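Have a look at the structure below before the remarks.
Read the figures in this text as sums done on the coordinates, not as results from a lab. The shown structure was predicted, so the numbers you read here are calculated from the model rather than taken from an experiment. We place every Cβ from the backbone using ideal geometry, glycine too, and count neighbours over all the protein chains shown.
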Amino acid sequence: MKKIRRKKTNKVIFPIIFLIIILIGGFFMYKNNITSSKKEEKNSSNKETIKKEKEVVKKLDSAPNNHKKFLELNDGEYLTSKGYTLKIKNNIAYIDDILIVNKTFSLPNDFKPTNPNSEVTEERCNNCINKEVIDAFNSMKSDAAAINLNIYISSGYRSYNYQDKIYNNYIAISGKEKADTYSARPGHSEHQTGLCFDLNTIDDSFANTEEGKWINANASNYGFIIRYPKGKESLTGYQYESWHLRYVGKELANKLYNNGDWITIEEYYGISSSYE
């Protein structure tokens, strides 16, 4: 009698268990399909976002290739030949927050260094360049002194008006064409930024001194670059200046150092340095 009841019970239980298993399996299949569908939608959305971002970049106008074209532009964003975004704000050019000043890109005549180490009250000042730059220089100077090398700032900040006087003096000496190879026109000098300086003797002899050799090999460790490297005159627009250092921060400086074969800001970002 018990066997008969057990058989009847089994006949009822087994179909129920089987049905439960089917329902559970169906539930997980449904859940997996929903998850996969959501992933596909998300991937599709991401692809669409990337596509739209690329389309926005493609629609940017090209960065100017000379100063005349720069003056014609409104504040906004422009694409360089290397794919970097050049931002113009208040008629001042930046790439990755790096202030760009050369023959193409100029500064307004009233521009003064931001966050100066001391207040800018004169047209020429070595201590009123940017405080971060001064701190980096002092660190570099201290390390150089530790190995009996003497480096010092000979020329730091120069105003628009002061640069105008210098440039016109050089024109009187060498003529305009020659002067443009070694002196910046007013508004085009990095000295107005407060982010650069000239070291020691400010002449070609500096490159062959122990200080000059050490600077060339070590300046990037402190965030400085040789702004006008040897052999890059066609890119920078200026002759080689071993004494002219520009602060750009350690990360970019070490990239531009390039194991001693300096890369210019112009070639790295894909921008020009040309008046016309």
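Some points to look at:
- Any hit, the stretch 213-233, residues being closer than 20 Å to Val120 by Cα, of a type outside the set (S, T, N, Q) and in contact with an Asp or Glu (Cβ under 8 Å, 6 or more places away or on another chain): no
- Residue tally, condition small (Gly, Ala, Ser) and in contact (Cβ under 8 Å) with a residue 24 or more places away in the chain, over the stretch 197-235: 6
- Considering the conditions (1) in contact with a helix residue (DSSP H, G or I) (Cβ under 7 Å, 6 or more places away or on another chain); (2) touching a residue at least 12 places away in the same chain (Cβ under 8 Å); (3) more than 17 Å from Thr104 (Cβ to Cβ), Arg185 is excluded by exactly one of them, (3).
- Selection of the stretch 64-101 for residues being more than 15 Å from the chain's Cα centre (by Cα), over 10 Å from Ile271 (Cα atoms) and in contact (Cβ under 8 Å) with a residue 60 or more places away in the chain yields His67, Lys68.
- For the stretch 188-218, a tally of residues being of a type in the set (A, V, I, L, M), over 24 Å from Leu107 (Cα atoms) and in contact with a strand residue (DSSP E or B) (Cβ under 6 Å, 6 or more places away or on another chain) returns 1.
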